[in-house]
1. Before we move on, is B:I280 without any contact (Cβ under 8 Å) to a residue 60 or more places away in the chain and touching a Phe, Trp or Tyr at 6+ places or on another chain (Cβ under 6 Å)?
2. Can you find a residue in the range B:448-462 that is crowded, with 20+ Cβ neighbours inside 10 Å, within 20 Å of A:G167 (Cβ to Cβ) and within 12 Å of chain A (Cβ to nearest Cβ)?
3. Could you list, ordered by first residue, the pairs with Cβ atoms under 7 Å in which the first is in the range B:138-151 and in a helix (DSSP H, G or I) and modelled with pLDDT of 95 or more and the second is among the acidic types (D, E) and crowded, with 24+ Cβ neighbours inside 10 Å, at least 6 apart or interchain?
4. Taking the criterion of being assigned to a loop (DSSP other than H, G, I, E, B) and either of a type in the set (S, T, Y) or at pLDDT 90 or above (or both), would at least one residue in the range A:191-198 satisfy it?
5. Counting only residues that are buried (at least 24 other Cβ atoms within 10 Å of the Cβ) and touching a His at 6+ places or on another chain (Cβ under 8 Å), how many does the range B:91-137 have?
6. Only one of A:L407, A:L395 is among the hydrophobic types (A, V, I, L, M, F, W, C), surrounded by fewer than 18 Cβ atoms within 10 Å (Cβ to Cβ) and either touching a strand residue (DSSP E or B) at 6+ places or on another chain (Cβ under 9 Å) or part of a helix (DSSP H, G or I) (or both). Can you tell me which?
7. Hey, B:A275 hits all of (1) crowded, with 24+ Cβ neighbours inside 10 Å; (2) under 24 Å from B:R449 (Cβ atoms) but one; which does it fall short on?
8. Count, please, the residues in the range A:59-114 that happen to be within 14 Å of another protein chain (Cβ to nearest Cβ), among the hydrophobic types (A, V, I, L, M, F, W, C) and over 23 Å from the mean Cα position of the chain (by Cα).
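The values are calculated or read from the model by the stated rules, or taken from the named source; none is laboratory data. Being a predicted model, the structure only gives us computed values, none of them experimental. Cβ coordinates were reconstructed from backbone atoms using ideal geometry, including for glycine residues, and neighbour counts include every protein chain displayed.
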Amino acid sequence: MTLTTIWLLPMIGAGLIAFMPPRLAKWMGVVVALAALAVAADVAFSFAPGYHGYQFTEAAPWIPQLTIFYRLGLDGISLWLVVLNAFLTVIAILATPVKTRNVSRFVALMLAMSAGLAGVFMATDLVLFYVFWEAMLIPAYFLLWIFGEGERPDRAALKFVLYTLAGSLLMLVGVIGEYVATGKQTFDLATLATLAPSPSIQFALFFVFALAFAIKTPLFPFHSWLPDAYMAAPTPMLITFAGVMGKAGAYGFLRIAVPLFPQPVDWWDWRWVIPVLAVAAIIWGALMAIASRDMKLLVAYSSVSHMGFIVLGIFALNVQGQQGAVLQMINHGIIISALFLIVAWISDRAGTRDRSAMAGLAARMPVMAGIFFVVTLAALGLPGLNSFVGEFMTLLGAWQRAPVLALFGAIGLVLAPVYMLRLFQGTMQGAPAGPVPRSDIYAGQLVLLAPLIVLMFAIGLDPNVLTNLMTSLGQVGLAR
Amino acid sequence: MISALGLMGAPMIPAPDLTYSWAQALADLGQIAAIATLTGFFLFAIVTDLVLPKRRRGGAVAIVAVTGFTYSLGTAVYRWRYAQGGYAYHQFATGDNFALFFEILFATLGILTVALSHSYLKKRGMLESEFHILIMAAVIGMMVLGSATSLVTIFLGLELLSIALYIACGFSRRESRSQEAAAKYLLVGGFASAFVLYGMALIYGGAGTTVIPEIAKRLDASAAGNPLILLGIVLMGVGFAFKVSAAPFHMWTPDVYQGAPLPVTAFMSVGTKAAAFAMIVRVFAGGLPHLAPEWQALLAFVAATSMVIGNVMAIAQSSLKRLLAYSGVAQAGYILIGVIAGGQSGLAAVLYYLFVYMFMNFGAFAVITLLAGPDGDRDRFDDLEGLAKRSPLMAVLMSVFMLSLAGFPPSVGFFGKLFLFTAGVSAGYTWLVVLAVVMSVVSVFYYVRVLIPVWSSSTRTDRLPASISSSAVIWLSGLAAVGLGIYPTTLLIAGQLGANPISGP
């Protein structure tokens, strides 16, 4: 029941909070999210490293006619994503201003989305995974649309939903196809990982699954929903939307596409197509970030670039790469949340998101500048901060697979300082110009960022705490 | 000439045993108990309408109708649990699980319709008692279709259902659109009936009997070489496609749905479709199992065109009734996948989907019914504006129905599609399933578009008037649309039990 609590608690909380008055809603939301985080943390502390198979498993027959089970379980990969999700939900709800219109509905939808995400990471039955995967779209859609910013948030929301659905409905064919093709009448992920269909069927199934995950991640040619959606999303939502939901796609690759289809070879080898796209995403995202003047857009494109590293690590198909990818999922979740928050606060004070319209803000808000500097360094991968370890491991893994992948991937490492430092220097340093910020960072905002900053240092200095537990894998097919 | 075509090749039928005992009559009546019960109440309702003073008629007949449906439902459920189903009236009808499943479905639908239309008819100033009586007649027709195992009884049910609905479509007498809908439905419906009848005649010519289990025995795979049998299949298929409003025979659907009063639209969008699918399954899967490749090819074509045309046309609609009409065309295409896949899993999926489709589609229409004013139905997108302010719970329920129709988990729409598609892929119709999935993405666009006026900010803040009975209908539909999705097992078991169109002794 422990794992069920992690998703059911926010779900029930969402149902109740939707009808509460604003101020109460926010703090009840925080309490519920903290409770879920406490359960997740408890699971993390009692987690056994090196164990083969899922831990904390739950199984109950759900639709026996199709042998669909309600199966939950955690291994070293999903554990950290569940913890990250619970943690960022707390931050996101704390970051929600009480004066937001319909704040109780906002908090309720955030909790519902968080519940769906937790379910995606914990499900070990393919249909259950799919149910959570699609169900979390509903709160995400309403959040984007009703609470979205910009001129046409409804368009951005619809674009996001249609893009994602185009992939995930085809994945439904894949789910059914896997059930039929293996001929063993099971949706259990651990069992399916041992039953690979023939390579040509794997080729087709890999395609539909990978397409869904590539759109969600998003990978290079499928990313065009992301700028619109991230631009429209309100900042508190972005913390879980960019910080966690983006990881769901990468997690899908790692949990389903790689282990279930080890030989997706027919006309060509899918296992080479994806890393090439990942490298393209790294470079393309970085270039687009350099070209963006809107700070929020810049961070959004940097996210595309960073997700490229994660996918590259997964398709290195070795231990370094995949552990680096999981580590990088956590790191990116922490960094992107901090970046979006800071960018939102700066533009809130300056009255514009155009980075070329402001300069020398550091003189007027020194504390904000200091925090921003730390986050910038973390985002560009400075050794000693968290992102360095993850990116280094993914590139190391990619090098072992094929040096050329690592070489081109490393271009992203070169470009990251360009756009991050230009953003920082352009807005913070130099002679003060442009709009005058109202104030420096508030104490409350500082407290909100503090745990994120602490984690950046902690993971950067001792990543072993995370990677130790990653040695416990739930199923065969992943590099140990 | 005739013998060359093989019509004379049908075996001679022994003279039927015409002895008919009282015990047999009672047993036969038991097999159709749900229909008989409802017919009794139907007659009672007519008498009630005659004897009561004018202003008390409506409510009284509504009560009689709901009681009748409830008794009928109870009878069907009782027989499902405790009685042995089997053929009745020399195999002209049956009380098997397949029939009972549909009797339960139609009785539930009847209750929902009467409860929904009560306040609507009052508001619009329409004749109430006549309306309920017509609905009862139509439901009897649907039940006959569900339990018919002879081409003759099938046609009987089809006509009973259709004639009642022709009148109901034109029930808004002072509205020209309603009149137009009735006329159009009458013409097209008559046309479809003629097709069905012509096809049946040819099948009868080939098999020498109208009894479906006998046809299944007599028409083996060699009949596929007989052009008249094939023509019969095609003609019946065309007629059936008209009735389920599957493309390319769907042209009447949007006009009729738009013109008919809302409760009628809601009723026929679900009921006619389910009854026609019962007919398709009984005749094709039950009666012509050896000719499966032939009718499967025909239905696969119809399913594919329905999904494409229905979904694409729905995008451009600005009237909710028309939108739901085209969505119904598309949904008919999805359901046909289950019929084509066949077997227990395919037919169970069809039965499951038809049952849950009742709740999600009827619920959506029911919410629109609340918007209707005394002068007419209000089914433009603009009319939904501000629903979230006017009645937050109705807005939530409308969202549930739309997301369910779009196939989002954990609603019934998703699980229905999951079962249908699993059956389709297992039977080797992967291309059809892929097409269905691609078109589902299109469908999300227009279903979600309905929600935009519902949730967008608006200046309208007047409360939405909703009578207790209408609210209860919508609530029940909403709960079923989620509850039967989170826990689909029992209904799916029922579907599996009912999935045999030629069961029994």
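1. The answer is yes for B:I280.
2. Yes, because at least one residue in the range B:448-462 is crowded, with 20+ Cβ neighbours inside 10 Å, within 20 Å of A:G167 (Cβ to Cβ) and within 12 Å of chain A (Cβ to nearest Cβ).
3. B:M143/B:E103
4. yes
5. 2
6. A:L407
7. The failed condition is (2).
8. Residues meeting the conditions: 6.
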